[in-house]
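All of the numbers you see were taken from the coordinates with simple rules; none came from a lab. Small disclaimer: the values here were computed from a predicted structure and weren't measured. Here the Cβ positions follow ideal geometry from the backbone for every residue, glycine too, while neighbour counts run over all protein chains shown.
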Amino acid sequence: MSEKILVVDDEPEIADLIELYLRNENFEVYKFYETRGALKCIDDKKLDLALLDVMLPGVSGFDICRTIREKYNYPIIMLTAKTSETDKITGLSLGADDYITKPFRPLEMVARVKAQLRRYKRYNTASGDDNDVITYGGVEMDIRRHECILDGEQLTLTPTEFALLHILLERQGEVVGSETLFHELWADEYYVKSNNTIAVHIRHLREKMNDISGDHKYIKTVWGVGYTIEKEER
């Protein structure tokens with residue numbers, strides 16, 4: 001069954017181009033030039049990924065991103081004409097998983113979409129065995145249900161945050177480099193490496209885990225190397 005992708009961009013030539021390339025890859029595309037139809041589509045269709053332009057008339061792409069994250073955890077890629085780091089960080093803060101700056105190469109866009117879908121399927125679906133639940137201290141991660149409980153309270157994690165925590169919990173005691181995390185999450189030749197993107201996702205994950213003191217209880221930064229969750233003593 002083809003993955004269903006929402007595309008929202010008020011520039012028809014860009015939206016049409018995205019639709020053409022995605023349909024050529026056998027994706028099912030729901031394209032909108034305005035937000036009203038897009039918001040209805042979010043409620044009516046079982047989507048697998050959303051591509052959202054930041055600058056939209058009326059309701060912004062950030063607003064749509066926020067709306068999606070209230071109910072759904074599928075990947076979101078933001079499209080922005082701005083090179084401002086603030087726009088990128090804002091999107092990631094609201095739950096976006098990636099961003100593409102216009103103008104972009106269509107093949108790069110397709111590769112980024114595929115990378116997000118691969119990562120989402122790898123880290124957000126169950127294998128059906130006993131390893132579907134990972135526990136660590138007060139953390140209980142249920143891979144099958146895509147749920148993470150901390151001290152009895154459910155955490156609301158984006159797919160990327162969930163995947164990051166999954167990787168670090170599976171590799172307890174190892175220091176995982178930023179480049180390695182990037183490769184694990186977005187393994188693709190078109191993807192431009194950015195340690196700042198990983199750092200932003202890690203920061204939001206820490207905030208949600210109340211892991212923001214200088215002496216981190218869970219995720220520890222090894223400066224100049226990467227991140228680690230120290231092996232739990234049995």
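Between Asp43 and Lys217, what length in nm is gained on full extension when 0.36 nm per residue of separation is reduced by their alpha carbon distance?
Details: separation 174, 0.36 × 174 = 62.64 nm, distance 3.81 nm.
Using 0.36 nm per residue and subtracting the Cα-Cα distance, I get 58.8 nm.
For the chain, what is the charge dipole size about the Cα centre, in debye to the nearest 20, if Lys and Arg each add +1 at the Cβ and Asp and Glu each add -1 at the Cβ?
The dipole of the chain has a size of about 160 debye.
On a full-extension model of 0.36 nm per residue, what is the gain between Asn196 and Glu28, subtracting their alpha-carbon distance, rounded to one decimal in nm? Don't skip to the end; give the middle numbers.
Details: separation 168, 0.36 × 168 = 60.48 nm, distance 3.21 nm.
My answer for the length gained is 57.3 nm.
In Å³ and rounded to a whole number, note down the convex hull volume per residue for the Cα atoms of segment 4-124.
Details: hull volume 11.6 nm³, N = 121.
So the per-residue hull volume is 96 Å³.
Under a cut-off of 24 Å between alpha-carbon atoms, report the lysines in cross-link reach of Lys40, not counting same-chain residues fewer than 8 places apart.
Those lysines meeting the cut-off are Lys4, Lys31, Lys71.
Count neighbours as other Cβ atoms within 10 Å of each site's Cβ, and list the GluC sites (Glu not before Pro) in segment 16-107 that are DSSP loop with at most 10 such neighbours. Mind dumping the intermediate values first?
Numbers: sites: Glu19, Glu25, Glu28, Glu34, Glu70, Glu85; in loops: Glu25, Glu34, Glu70.
Here the sparse-neighbourhood loop sites are Glu70.
Only Lys, Arg, Asp and Glu count, each charged at its Cβ (+1, +1, -1, -1), so figure out the dipole size of segment 4-124 about its Cα centre, rounded to 20 debye. Kindly include the intermediate steps, with their values, before the conclusion.
Working: 20 positive and 20 negative charges, 125 e Å.
So the dipole magnitude of segment 4-124 works out to roughly 600 debye.
Quick check: from the Cα gyration tensor, does the chain come out rounded (a/c under 1.5), prolate or oblate? Mind showing how you got there, number by number?
On the way: a/c = 1.86, a/b = 1.68, b/c = 1.11.
Here the chain falls in the prolate category.
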